[in-house]
Amino acid sequence: MRYEHITDAIGDTPLVRIAPEVHGLRHIDLYAKLEMLNPFGSVKDRAAWRMARPHLEDARRHGRTVVELSSGNTAKALAVIAGVHGLPFRSVTNRMKVPEIKDLLLLLGAEIEELPGQAECLDPTATEDPLTRIHRMLTEDDGRYLHTDQYYNPANAEAHASGTGPEIIKDLGGTAPDWFVACVGTAGSSTGAARALRAHDPDIRVVGLVAQKGDFVPGIRDIDEVHEVGLFDPETYDALEAVSADEAIDGMLTLVRRCGILGGPTGGAAYFGAVRHLRERDAELARAGDGRRGTAVFIVCDRVESYMSYVRQRRPELLRRPPRPNSPATVTPRELAEVRSVGVEEARAWIAAERPLVVDLRGSFAFEALHIEGSVNIVDELFEELLHGGPPFGRSQPVLLVCPVGEKSATYAALLARMGHRDVRSLAGGVIAWRDAGAPMVRD
Ligand SMILES: Cc1ncc(COP(=O)(O)O)c(C=O)c1O
């Protein structure tokens, strides 16, 4: 295979059969589409190239900077594409959550701008969110930037409608699979590939996978966040199912250890979600007893190597490291059930009477915008680090933990209780409940 340019190597990725003894489905053939084998390492190479390509020449002539709101694979692919075309690249994000990717972006010469946005996934109604403001500024473009706009750019999905989808049909001998399973980030790959597959066979069933709420699987959004993505259309999916971080890592382990497929957590999530979804369908085919077989394809988005710190943090035993003490993953349902979650009125009365330390676990921007008077801001990730070192406050100090919806605060309250804190409570419903109840908040 000979190419004149590295970008010619984007696409035409292998479709590899997963051995039946690994997945255990007896009437369904399961295939992995190895998008991790794109030249810059992920499914996003296709979208990045498709979005940037038509504008590169013009951008070079006018000295534009390529800009994208991304902390991951899209940024990586754009950094390479911009670099080889002599253009600067700037990645704008709320938080670089995967340190390996941040280092790689810097190595590739990218500029990284970390703004305290609420979510990288834009919410057009959050007019005060800095990322949304930047997005608006870029969209109103004054000619300085080539903004590829992955959350809204139809070229993101088209890259898969003209590439990923048709390649799957070709590799299956001119037929579409019965099921197509993909993780949903910007929704570009699932939307585009599903469009091509449905055009070929309207009976195909499309399963979109999202992260379980409150869990972090790098590259996937949770069910609330996907609805904020411009390209997301619920009609694309016959089912939208959630995968936890642990399930994604379990799926990834199966791929890397048993299949020789060195995919990352979303590849693992796609494998896990596919097998879980198909088990019942496999049983239906068995009951029908007519010898009919089904075919399913899932996407492996990127490679495992970038996620070693993610694995170290969540599953240290896999890297022969001792378990991290007091990490949220160790909280049992029983500990959670014993947490004292208090409603807004009770919390207000408690604050007035006993002045507990109110700890707000949200991001700094959200805190600055509005918070409970007198509260202190310790962003959840920092709070988690503090807990590893032991109790962060005196055990007799009364503490009220506050987060957006009351889920994270309950988990951390359980951990503090386990560490011997005598009076720790969690604000039920979080800041949203507080705000909705019309309780007073202040701005910094
Ligand atoms: C690792 C990983 N998996 C899955 C996805 C989802 O792809 P899409 O944005 O096409 O929905 C992404 C997107 O950024 C990703 O980085």
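Could you tell me the number of lysine pairs in the chain with C-alpha atoms less than 20 Å from each other, where the two lysines are 8 or more residues apart or belong to different chains?
Within the chain, the lysine pair count is 10.
Would you be so kind as to identify which of ALA155, PHE393, ILE261 lies farthest towards the positive end of the dipole of the chain, taking Lys and Arg as +1 and Asp and Glu as -1 on Cβ and the Cα centre as origin?
ILE261
In degrees, nearest 10, range 0 to 90: what is the angle between the Cα axis of helix 188-200 and the longest Cα principal axis of the chain?
40 degrees
Rounding to the nearest 10 and keeping the result within 0 to 90°, find how far the Cα-based axis of helix 130-139 lies from the longest principal axis of the chain.
Approximately 40 degrees, to the nearest ten.
Taking K and R as +1 and D and E as -1, what net charge do the other residues with C-beta under 9 Å from the C-beta of ILE204 add up to?
Around ILE204, the surrounding residues sum to -2.
In what order do LYS44, LYS76, LYS408 fall by count of nearby beta-carbon atoms within 10 Å, going from fewest to most?
Fewest to most other Cβ atoms nearby, the residues stand as LYS408, LYS76, LYS44.
I'd like the Karplus ³J(HN,Hα) series for the stretch 391-406: coefficients 6.51, -1.76, 1.60, θ = phi - 60°, whole numbers in Hz, and an x wherever there's a Gly or Pro.
x, x, 10, x, 5, 8, 6, x, 9, 10, 9, 10, 9, x, 10, x
Just to confirm a number: summing +1 for Lys and Arg and -1 for Asp and Glu over residues other than ASP29 whose beta-carbon lies under 14 angstrom from that of ASP29, what do you get?
Spelling it out: positives minus negatives among the neighbours equals +2.
Let me know the charge dipole size of the chain about its Cα centre in debye, to the nearest 20, where only the beta-carbon of Lys, Arg (+1) and Asp, Glu (-1) is charged.
1100 debye
Could you check what % of the DSSP bridge pairs in the chain are antiparallel, to the nearest 5?
10 percent
Identify, among ALA433, CYS403, PRO356, the residue whose Cα sits farthest towards the positive end of the charge dipole of the stretch 331-436, taking +1 on the Cβ of Lys and Arg and -1 on the Cβ of Asp and Glu, with the dipole about the Cα centre.
Checked the options; the winner is PRO356.
Report the one residue of ALA329, LEU106, THR74 whose Cα lies farthest in the direction of the positive end of the charge dipole of the chain (charges on C-beta: Lys and Arg +1, Asp and Glu -1; origin at the Cα centre).
Of the options given, the answer is ALA329.
In whole angstrom, note down how far apart the Cα centers of the stretch 247-265 and the stretch 128-181 are.
26 Å
With a Förster radius of 51 Å, plug the Cβ-Cβ distance of LEU15 and LEU386 into 1/(1 + (r/R0)^6) and report the FRET value to the nearest 0.05.
It comes out at approximately 0.65.
Only Lys, Arg, Asp and Glu count, each charged at its Cβ (+1, +1, -1, -1), so figure out the dipole size of the stretch 331-436 about its Cα centre, rounded to 20 debye.
300 debye
How do PHE89, PHE298, PHE40 rank when sorted from fewest to most other Cβ atoms within 10 Å of their own Cβ?
Starting with the residue having the fewest Cβ neighbours, the order is PHE40, PHE89, PHE298.
Which residue, VAL210, VAL342, VAL226, has the most motion in a Gaussian network model of the chain that connects Cα atoms within less than 10 Å?
VAL342
Enter the Cα centre distance for the pair the stretch 21-83 and the stretch 367-444, rounded to the nearest angstrom.
When both Cα centres are located, 38 Å separates them.
Note the angle between two axes, namely the Cα long axis of helix 407-418 and the longest principal axis of the Cα atoms of the chain, as a number of degrees from 0 to 90, rounded to the nearest 10.
Orientation of helix 407-418: about 60 degrees from the principal axis.
Quick one: which residues, 5+ away or cross-chain, put their amide H under 5 Å from the amide H of ARG340? H built at 1.01 Å from N.
The answer is SER426.
Every number in this text was worked out from the coordinates using simple rules, so none of it is lab data. Small disclaimer: the values here were computed from a predicted structure and weren't measured. Using ideal geometry, Cβ is built from the backbone for each residue, glycine included, and neighbour counts are taken over all protein chains shown.
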